[in-house]
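For reference, the structure is listed below as structure tokens.
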Amino acid sequence: VCVHWRACVCVCLNLCMCLYICTCMDMSTVTSDIPFRSCPDVPCSCIGARWVFTIMGFFVFVSLYALRFNVSIAVVAMTTNGSTNHHRNGTNPGPEFVWTASQLGYVNSAFFYGYMGLSLPAGWLAGRFGAHPTLGAGMLVNSVLCLLTPLVAKFNFATLLVLRVMQGLAQALVFPSFQTLLGKWGPRKNVGSMASLAYAGCNVGVIFSFLVGGVLGEHGFGRSSGFDYDGDNWPSIFYVFGCLSLITTFVWIFFTYESPAVHPRISRAERQEIEKDLIGQEKKNLKEFTLLDIFPLIAFFPARVRKKATVPWRSILSSLPGWAMFAAQ
């Protein structure tokens, strides 16, 4: 812990900033719609609010996948008896962590146990507490845990596995939340392009993680920076990616919103265009199909139950684009 005192200070400062934001942020605009008369007649930026949301989604997924796979690069430097573990006296003491093949497998797979465990409830959480704060919370927790990874790894192997599981739980909140937000921000003519651009961040994040992580694992911050970690370069992988993810999270919190109805800077024309298109889609879907088409007995249920039972399973199961995505995945 003494060796990593600078990292501890950074983590503490980030936690204090997060607590300040959570306690001082005015959440009144999140729960109430902004009237049309408050919307500006012209957009406040050269691009529409929907594209700001999409670009931010792109960087969210870059950070998401960089934090997901950075441990795959770091374990090479952590367990290799090579050039990545030079001490100040020039000697090579060997790998810092002597893990078996099974232990390496546990480190790489622990994340996905947590991710699998919260994937289904994440959609309910996004609907219950709001998709925007749910996504922000998942990214925030994931970033802080990434910064804590070097300290936890040096402390105990089992604790490292618990941390990776917690990272998986946090990341499981992101995809369902973003998909919910995309349904609120994406009109029919743009939703395909918006989804393609945002989800392209997944592939970019993997490339970024392997390219930058390899350089950091080999050279760290450089000896002139003072962050030599007693000869270990691999902690820089987690510190760099964790800080970049924190920056992305804060920008997401302050520059994106739950829906066009609560965005204070969206133009009146863009808000009307998006909401009119989404209302039209909702009416069309409800008119085309209800669960009564498959389960006639629902007709005997109370009216409030029938009203909620409007999942278009027939349209879903007969959708060629849906089956194409299923086959590609």
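Values quoted throughout were computed directly from the atomic coordinates according to the rules given, and no laboratory measurement underlies them. If you're wondering where the values come from, they're calculated on a predicted model, not measured in any experiment. Glycine also receives a Cβ, built like all others from the backbone with ideal geometry; neighbour counts cover every protein chain displayed.
With each pseudo-label sitting 7 Å past Cα toward Cβ, what's the Phe255-Trp124 distance in nm, one decimal?
3.5
Of the listed peptides 197-206, 234-243, 162-171, what is their order by residue-averaged count of other C-beta atoms within 10 Å, with the highest listed first?
Highest mean packing first, the order is 234-243, 162-171, 197-206.
What nm value, rounded to one decimal, do you get for the distance between Ile247 and Glu218 when each label is placed 7 Å out toward the C-beta?
Each label point is offset 7 Å from its Cα along the Cβ direction, giving 2.3 nm.
What nm distance separates the two modelled labels at Phe112 and Leu211, each placed 7 Å from Cα along Cα→Cβ?
Distance between the two pseudo-spin positions: 2.6 nm.
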